[in-house]
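S.K.: Quick one: the structure is below, questions incoming.
The values are calculated or read from the model by the stated rules, or taken from the named source; none is laboratory data. Note that the coordinates shown come from a computational prediction; the quantities given were computed from them, not determined experimentally. All Cβ positions, glycine included, derive from the backbone under ideal geometry; neighbour counts span all protein chains shown. When the accessible area is computed, the model is the full protein with side chains, heavy atoms only, and any ligands, DNA or RNA have been set aside. Shrake-Rupley method; radii C 1.70, N 1.55, O 1.52, S 1.80 Å.
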Amino acid sequence: MSVADQSAYVEGLALFRARMQCLFEEWKAKPFSAPENQFPVELLNALRTMGAFDALFSVEDNGLGLCQTSEGGQVLLTLLRRIGYLSLSLGRCLEGHVNVVRLVELYGTRFQRHALKLQLENGNLAGIWVTDGSSAVSIQREGPSYRLSGIKGFASGIRQVSVALITAVPEHGEALMVLASTTDLERQRSGPGALTGMQASGTGAYDFTGLQISSDDIIGSSGDYLRQPEFSAGAWRGSAVALGGMDHLIDLLRQELLERERAGSPHQLARIGEALILQQTAAMWVKEAAQAAYSAHMKSEDVTSIVNLARLAVERAALDLIMLVQRSLGLSAFIKGKAVEQVMRDLATYLRQPAPDEALTEAAAWFVRHDWPEAGP
């Protein structure tokens with residue numbers, strides 16, 4: 001990238017940051033009134049209008065490279081954190097959308113990257129649905145095309161997602177990544193049941209049985225979805241969304257204590273101080289994880305181990321924060337319909353990511369024999 005191009009790129013990122021901050025301040029000031037099981041369509045549309053989805057693509061594709069460059073990654077961190085503050089449910093869907101763009105950038109052909117950009121040009125939402133439902137999704141060749149069979153469960157944004165990246169298991173070999181249209185309403189199924197939190201994410205299931213796809217819909221090669229470091233490194237984005245939920249919870253705590261005229265109590269001040277320590281500790285871990293994920297010099301094991309530890313550090317900080325809020329506010333923190341009660345449930349549900357014990361022990365096993373990597377140039 002030439003000096004002039006780099007200057008234009010930096011300016012583009014700065015303008016995007018400014019638009020993002022304006023959107024955040026506008027929506028932060030809105031009253032907390034939407035039903036918790038209602039998908040945040042208006043906020044999604046606001047993101048589309050400000051160009052958040054276009055910014056994810058590479059500079060070559062007229063985007064801002066939020067998924068490709070370290071500078072873009074820091075802006076993406078702020079975007080995910082801000083949306084996590086406004087709506088953890090939308091943050092989950094946005095994080096999934098980013099994951100799809102990132103995986104196609106890494107493993108797709110030029111044709112596939114261009115095709116995805118066309119599919120998402122109007123702000124259409126992509127989903128990453130890899131958890132199997134009542135029957136695992138398989139893929140079988142039929143002449144020049146392929147046929148899918150099976151159901152994906154825990155599909156976030158079931159009614160809003162128009163294209164999903166799923167995993168499908170062939171007769172022989174590891175799972176393949178497949179990009180499939182998800183606009184057939186008759187294929188939509190009910191979800192696992194009413195979740196305690198994150199109801200606005202619209203989690204359901206989708207039946208892919210009988211759906212025909214072409215070879216152009218298969219992304220990468222067998223086993224690419226689980227390939228490291230990307231498989232683990234992408235978890236930093238979920239941590240950034242959770243951090244936004246922590247930000248919101250602390251603001252709600254401060255606001256209620258001020259309204260009750262209890263903010264001057266030394267015991268409440270101690271809890272506020274502890275909450276801020278948790279928040280900033282989580283923020284430092286997320287920043288460290290994002291830098292590792294975009295690093296060009298770190299070993300794959302360093303990247304995955306740092307991101308895994310960051311994910312668990314954020315989870316622990318968020319759970320400790322929830323306990324502090326409950327102790328500070330007492331029973332009023334458990335009143336259904338209050339923002340603080342809903343945000344706590346959403347955050348607790350959001351934090352339930354897969355295989356936490358494995359993530360911890362694998363990271364520990366690496367760093368027990370290796371030093372922490374030095375920061376890059």
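S.K.: In Å, what is the Rg of the alpha-carbon atoms in the range 297-377, and how long is Dmax?
M.R.: Expressed in Å, the Cα Rg and Dmax of the range 297-377 come to 17.1, 50.
S.K.: A further question on this structure: When you count, for each residue, the other Cβ atoms within 10 Å and take the mean per peptide, how do 7-15, 305-313, 202-210 rank with the highest first?
M.R.: Descending packing order for the listed peptides: 305-313, 202-210, 7-15.
S.K.: What are the residues whose amide H is under 5 Å from the amide H of Ile219, where those residues sit 5 or more places off or on another chain and H is modelled from the backbone?
M.R.: Amide H neighbours of Ile219: Met177, Val178, Leu179.
S.K.: Also, quick follow-up: What per residue convex hull volume, in Å³, do the alpha-carbon atoms of the range 101-163 yield?
M.R.: In the range 101-163, the Cα hull volume divided by residue count equals 112 Å³.
S.K.: Under the rule of -39500 (n - 2.57) per DSSP H run of 4 or more residues, summed and divided by the residues of the chain, what mean residue ellipticity at 222 nm is obtained, to the nearest 500 deg cm²/dmol?
M.R.: Result for the chain: -17500 deg cm²/dmol, rounded to the nearest 500.
S.K.: Taking amide hydrogens as modeled 1.01 Å from N in the peptide plane, which residues meet the under 5 Å criterion relative to Ile128, leaving out close sequence neighbours?
M.R.: Leu165
S.K.: What shape does the range 126-213 have by the C-alpha gyration tensor, where a ≥ b ≥ c are the square roots of the eigenvalues, rounded means a/c under 1.5, and otherwise prolate means a/b greater than b/c and oblate the rest?
M.R.: Prolate shape, in that a/c is at least 1.5 and a/b is the bigger ratio.
S.K.: Still on this model: Exceeding 31 Å between C-alpha atoms, which entries from my cross-link table qualify? They are Lys287/Lys336; Lys117/Lys336; Lys28/Lys299; Lys30/Lys287; Lys117/Lys287; Lys28/Lys287.
M.R.: Pairs exceeding the cut-off: Lys287/Lys336; Lys117/Lys336; Lys28/Lys299.
S.K.: Also, quick follow-up: Counting other Cβ atoms within 10 Å, keep those with at most 16, restrict to DSSP loop, and tell me which trypsin sites (Lys or Arg not before Pro) in the range 314-377 are left.
M.R.: Within the range 314-377, the qualifying trypsin sites (Lys or Arg not before Pro) (loop, at most 16 other Cβ atoms within 10 Å) are Lys336, Lys338, Arg352, Arg369.
S.K.: Quick one: pull the percent of accessible area on the chain belonging to carbon and sulfur, 1.4 Å probe, ligands and nucleic acids left out.
M.R.: 53 percent
S.K.: Going by average Cβ density within 10 Å per residue, which order do the peptides 55-63, 149-157 take, highest to lowest?
M.R.: Numbers: 55-63: 17.9, 149-157: 22.2.
So the order, starting with the most tightly packed, is 149-157, 55-63.
S.K.: So, one more: In the chain, what percentage of the DSSP-assigned beta bridges are antiparallel, given to the nearest 5?
M.R.: 80 percent
S.K.: Rounded to whole Hz and in sequence order, give me ³J(HN,Hα) for the range 267-278 from the Karplus expression 6.51 cos²θ - 1.76 cosθ + 1.60, θ = phi - 60°, writing x for Gly and Pro.
M.R.: Computed from phi, the couplings for the range 267-278 are 5, 5, 4, 4, 5, 4, x, 5, 5, 5, 4, 4 Hz.
S.K.: Would you give the gap between the C-alpha center of the range 237-268 and the C-alpha center of the range 279-348, rounded to a whole Å?
M.R.: Distance between centres, Cα-based: 14 Å.
S.K.: Could I ask something else about it? Can you classify the chain as rounded, prolate or oblate using the Cα gyration tensor, where a ≥ b ≥ c are the square roots of its eigenvalues, rounded means a/c under 1.5, and otherwise it's prolate if a/b beats b/c and oblate if not?
M.R.: The shape class here is prolate.
S.K.: Which one, Phe16, Phe111, Phe39, has the greatest fluctuation when you compute a Gaussian network model over the chain with C-alpha springs under 10 angstrom?
M.R.: Phe111
S.K.: Starting from the Cα gyration tensor of the range 1-143, take the square roots of the eigenvalues, sort them a ≥ b ≥ c, and report rounded, prolate or oblate (rounded when a/c is under 1.5, otherwise prolate if a/b is larger than b/c, else oblate). Don't jump to the answer; show the numbers that get you there.
M.R.: Values: a/c = 2.33, a/b = 1.09, b/c = 2.15.
In terms of gyration-tensor shape, oblate.
S.K.: What is the diffusion coefficient of the range 218-377 in µm²/s, taking the Kirkwood radius over Cα pairs and the Stokes-Einstein relation at 10 °C with a viscosity of 1.306 mPa s?
M.R.: 93 µm²/s
S.K.: Of the listed peptides 89-96, 179-186, 163-170, what is their order by residue-averaged count of other C-beta atoms within 10 Å, with the highest listed first?
M.R.: Going by the mean number of other Cβ atoms within 10 Å, highest first, we get 89-96, 163-170, 179-186.
S.K.: Can you work out the accessible area per residue across the chain, with the rest of the protein chains kept in place, probe 1.4 Å, in square angstrom?
M.R.: Value for the chain: 48 Å² per residue.
S.K.: Here is a follow-up. What percent does the relative contact order of the chain come to when contacts are Cα pairs within less than 8 Å and at least six residues apart?
M.R.: Reported relative contact order: 16 percent.
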